[in-house]
Amino acid sequence: MSTTWSLRRRLLGQLLLVFSGLAVLLYLSVQAVAGRAADSTQDTILGASAIAIAEQVRVAEGALTVDLPYAALEMLGLAGEDRVFYRIATSGGQLITGYDDLPPGALPEQEDTPRFFTTRYRGDTVRVATARRSILTSDQRESVLITVAQTREAFGTLTTNIALSAAGVGLGFLALAGFLAWVAISRALKPVHEIERAIAERASDDFSPLETAAPREIEPLVDAINDFIERLRNTLDTSQQFIAEAAHRIRTPLAALKAQAEVALRGNGQASEESLRRMLRAADETSQLTTQMLTQAMIAYRAERAERQPLSLAALARTAARDLEVAAEMRGIDFRLDLDDSAEILGDEIALLEAIRNGLDNAIKYGPADDYVQITVTGGKTPEIVIADHGPGIPRQDRDLVFERFRRGGSASETPGAETRGGKTMGSGLGLSIVRQVMLAHRGRVRLEDNEPQGLRLRLTFSAPRIRS
């Protein structure tokens, strides 16, 4: 059971999926930018505090002292509930004041350029700034390392709030984009609905092509619909013509059969016997005509629906010759086979057998008695089967006409092997029409050629096969 799905909803779902990805990307990008901005702000405050403290380092009575400036501590206190740690010590590790276990980090290269890093201290994540100052004591120049650290709760909260604001903006953008996408998709699908309406409002006997204006992307769909309409029209025309011709062609021998039956009922003796013979011929003609018309209808049906399969052209020729062996023996005709077993094609076995049988039937019927029919199969890029007889042939001007339904060549009535009645050759005139129909369905070619020194050759040429192993 097929599942019905909406193209509009599918497009909208895909667009919303893309928009959601963009919204998530926006959130992560804003979070990263906000985090870097928070780090930069905190680093600025920590660095300024460390430098301010470094400027207050003094030498008093031969010892290093520092008077922590209130402004530096006030700057650090602006961060709300964040805690502040500091450590002031010599480069040798002698603590002057502060927290002795606070990691000092690497020694800055320049006095006015602090170094920054993030570490864990007493269970919290802290941002650390380290500044250096060289000061002259009583007997030497001493480097003092000032380390200031601050927890990151306030700046983390700031980063989270900014990211959440970005997420809210992203969700609003997603909702707006979804609405606009729905409107845009509805407008984009409007030509499809116009095509649907044009087909729904069309009369059942209207086979004119669609003339609805369509975007470039939908033009192939309109072309495919128009092509289908044309093929449907041709199929219906062919069916109606076939039915009309069948009614006309079958009515004639049936009328003759009825007339002969009436004559037979009124007559006696030799007249009745002759009427019965004519009735038999009329019945044979009707049977042959009906069979070939049904065959042609079957071929037309299978041309569109039958599945193609790998076939041996030589095997098809052998089968067709075996099926007509009795008919050939009745006229003393032999089959001479020259078959290439490597010749393979893709096709419908039933339809191809009918085509080859009709070709052989014509050769038997119109070839001279006590003769032979040559059947040749060749392989290669374009496999072929050729059926040659030694009959009167068909004039060149008639060779295109004989492929039409109910048409025969001008020399048919002069053929010794063809039965005649009332000066007309018996036969449906459908044999070569069936052959052409089968070859067209297989994208092949059919030609009639002279057979030297006398006769006719029916050549069936197939497209290059693509047999999958």
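Each value in this text was obtained by applying a stated rule to the coordinates, not by laboratory testing. This is a predicted model, so every value here is computed, not measured. Reconstructed Cβ throughout: ideal geometry from the backbone, glycine too, with neighbour counts over all protein chains shown.
Compute log10 of I(q)/I(0) for segment 49-206 with the Debye formula, placing one identical point scatterer on every Cα and leaving out solvent, at q = 0.10 Å⁻¹, to two decimals.
Each listed q corresponds, in turn, to -0.54.
For segment 156-245, what does the convex hull of the Cα positions come to per residue, in cubic angstrom?
Dividing the Cα hull volume of segment 156-245 by its residue count gives 121 Å³.
I need the peptides 171-183, 142-154, 36-48 ranked by packing, meaning the mean over residues of other C-beta atoms within 10 angstrom, with the highest value on top.
142-154, 36-48, 171-183
Do you know the relative contact order of segment 7-160, to the nearest whole percent, from alpha carbon pairs under 8 angstrom that are 6+ apart?
Value for segment 7-160: 26 percent.
Excluding P114 itself, what net charge comes from residues whose Cβ is under 15 Å from its Cβ, given Lys and Arg +1 and Asp and Glu -1?
Summing Lys and Arg as +1 and Asp and Glu as -1 gives -1.
With contacts defined as alpha carbon pairs under 8 Å and 6 or more residues apart, what's the relative contact order of segment 101-167 in percent?
26 percent
Among 343-356, 442-455, what's the highest-first ranking by average C-beta atoms within 10 angstrom per residue?
343-356, 442-455
With a sphere of radius 13 Å drawn around the Cβ of G379, what net charge do the other residues whose Cβ falls strictly inside it have (Lys, Arg +1; Asp, Glu -1)?
Around G379, the surrounding residues sum to -4.
So if R0 is 22 Å, what FRET efficiency would D67 and L107 give, r being the distance between their Cβ atoms, rounded to the nearest 0.05?
0.40
Report the label-to-label distance for R36 and A184 in nanometres (one decimal), using points 7 Å from each Cα along the Cα→Cβ vector.
Taking the simple label geometry, R36 and A184 are separated by 2.9 nm.
How many percent of Cα pairs in segment 17-69 exceed 15 Å?
Distances greater than 15 Å cover 67 percent of the Cα pairs.
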